[in-house]
Amino acid sequence: MKIAFVGKGGSGKTTLSSLFIRGLAADGTPVMAVDADINQHLGAALGLTDEQAASLPAMGAHLPLIKEYLRGGNARIASAETMIKTTPPGAGSRLLRVVEDNPVYDACAREVRLDDGTIRLMATGPFTEADLGVACYHSKVGAVELCLNHLVDGPGEYVVVDMTAGSDSFASGMFTRFDMTFLVAEPTRKGVSVYRQYKEYARDFGVALRVVGNKVQDEADLEFLRDEVGDDLLVTLSHSDWVRAMEKGRPAPFATLEPANREALGTLKAAALRSYEQRDWARYTRQMVHFHLKNAESWGNARTGADLASQVDPAFVLGETAAVP
Ligand SMILES: Nc1ncnc2c1ncn2[C@@H]1O[C@H](COP(=O)(O)OP(=O)(O)O)[C@@H](O)[C@H]1O
Ligand SMILES: [Mg+2]
């Protein structure tokens, strides 16, 4: 299952991602956490020291390795150099599983011990000006998109991505890669304006999008979100002293998180599960092809000097039964 947390900077994406991840770990569920936010803070929110967080490998720096591994023996992809962030898998490609060891995870993932279990964390690496462009060949988020497009994941295993709601994810199709997108919104006009923009992009692609209200203080806050977001509002979290204590460097055991916030995490998990049950691998594959053809035409062909449309394997459908070499 693939889950994204998106929203305005400061809304609480990283905080809620980290709480959600801790909740999954407490349930004994395998998790691959991915920090794809402009501000790389997920490691710290999961309790890493500054030093540990700074020494996480950057997926963006391992793009050639990622491409070479995923390309495998796919005859339609001539070289890793002609592989762009949207190049879809086909016959001969290598696929990823959430729970396995492979050269991509060896290079990019690190284990993080939480009080209730161990999860794995990958990080795109810090963003620069050039990363924020729409059609960036070396896109750091592109490393994540490639992995998601080559991932065969089941309902009992989670990939949780802390993500920026930027133009990069809309142009490439990254925003369509999730079983559930949680849009974290504070009860403010700015918070809900990011929701409206996301909803607009999401509409045509059947993206499952639910709003998680954060830092909701009172009935008036709740009313505001209900008015602005309607039925898309899934649940709200209030200010958390548990989070605040962690921010002070005095983390308490996860088991002592406020019951209401713990319950909200359960609501997120249930919504994600319901959405996973609707997953359609054929549509998922069609969408990656759609965005690949779009990116090929708008910049990829020119950039690589190849006809990237020919990378599409028309007979291939990603899924549990897709051949893994
Ligand atoms: N429910 C909450 N209770 C207390 N503090 C919170 C809560 N949600 C977020 N914060 C705090 O707000 C700040 C911004 O949150 P963060 O998760 O970093 O936002 P984002 O990742 O969306 O930029 C952080 O200092 C975080 O600790
Ligand atoms: Mg963040």
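The values are calculated or read from the model by the stated rules, or taken from the named source; none is laboratory data. None of the values given here were measured: they were computed from a predicted structure. Cβ: placed from backbone, ideal geometry, glycine included. Neighbour counts: every protein chain shown. Just so you know, the surface numbers come from the protein's heavy atoms only, side chains and all, with ligands and any DNA or RNA stripped out. Shrake-Rupley method; radii C 1.70, N 1.55, O 1.52, S 1.80 Å.
Observations on the structure shown:
- Filtering the stretch 8-22 to residues that are out of contact with any Ser or Thr (no Cβ under 9 Å at 6 or more places or on another chain), open to solvent by less than 10 Å² (accessible area, probe 1.4 Å) and more than 9 Å from ligand 2 (Cβ to nearest atom) leaves Leu16, Ser18, Phe20, Ile21.
- Scan of the stretch 200-227 for residues that are among the acidic types (Asp, Glu) and farther than 23 Å from Ile3 by Cβ, ordered by number: Asp218, Glu219, Asp221, Glu223, Asp227
- Residues that are within 13 Å of ligand 1 (Cβ to nearest atom), on the phi < 0 side of the Ramachandran plot and of a type outside the set (S, T, N, Q) within the stretch 1-22 comprise Ala4, Phe5, Val6, Lys8, Gly9, Lys13, Leu16, Leu19, Phe20, Ile21, listed in sequence order.
- Across the stretch 23-44, the number of residues qualifying as within 12 Å of ligand 1 (Cβ to nearest atom) and surrounded by fewer than 20 Cβ atoms within 10 Å (Cβ to Cβ) comes to 4.
- Whichever residue in the stretch 105-117 is open to solvent by 70 Å² or more (accessible area, probe 1.4 Å) and closer than 25 Å to Pro253 by Cβ and, among such residues, is modelled with the lowest pLDDT: Asp116
- Scan of the stretch 224-237 for residues that are assigned to a helix (DSSP H, G or I) and open to solvent by less than 80 Å² (accessible area, probe 1.4 Å), ordered by number: Phe224, Leu225, Glu228, Val229, Gly230, Asp232
- Here Asp221 fulfils each of the conditions (1) away from ligand 1 (no atom under 14 Å from the Cβ); (2) in a helix (DSSP H, G or I) apart from (1).
- Complete set of residues in the stretch 23-43 that are acidic (Asp, Glu) and within 14 Å of ligand 2 (Cβ to nearest atom): Asp35, Asp37
- Test: Leu70 is in contact with a Leu (Cβ under 9 Å, 6 or more places away or on another chain), within 12 Å of ligand 1 (Cβ to nearest atom) and either among the basic types (Lys, Arg) or open to solvent by less than 10 Å² (accessible area, probe 1.4 Å) (or both): no
- Only one entry of Arg286, Arg279, Arg196 meets the criterion of being surrounded by fewer than 19 Cβ atoms within 10 Å (Cβ to Cβ), at pLDDT 95 or above and among the basic types (Lys, Arg), and that entry is Arg286.
- Among residues of the stretch 86-104, those that are under 17 Å from the mean Cα position of the chain (by Cα) and open to solvent by 10 Å² or more (accessible area, probe 1.4 Å), counted: 2
- When Val207, Val211 are screened for being in a loop (DSSP other than H, G, I, E, B) and open to solvent by less than 30 Å² (accessible area, probe 1.4 Å), only Val207 passes.
- Filtered residues of the stretch 118-153 (kept if part of a loop (DSSP other than H, G, I, E, B), modelled with pLDDT of 80 or more and open to solvent by 10 Å² or more (accessible area, probe 1.4 Å)): Pro126
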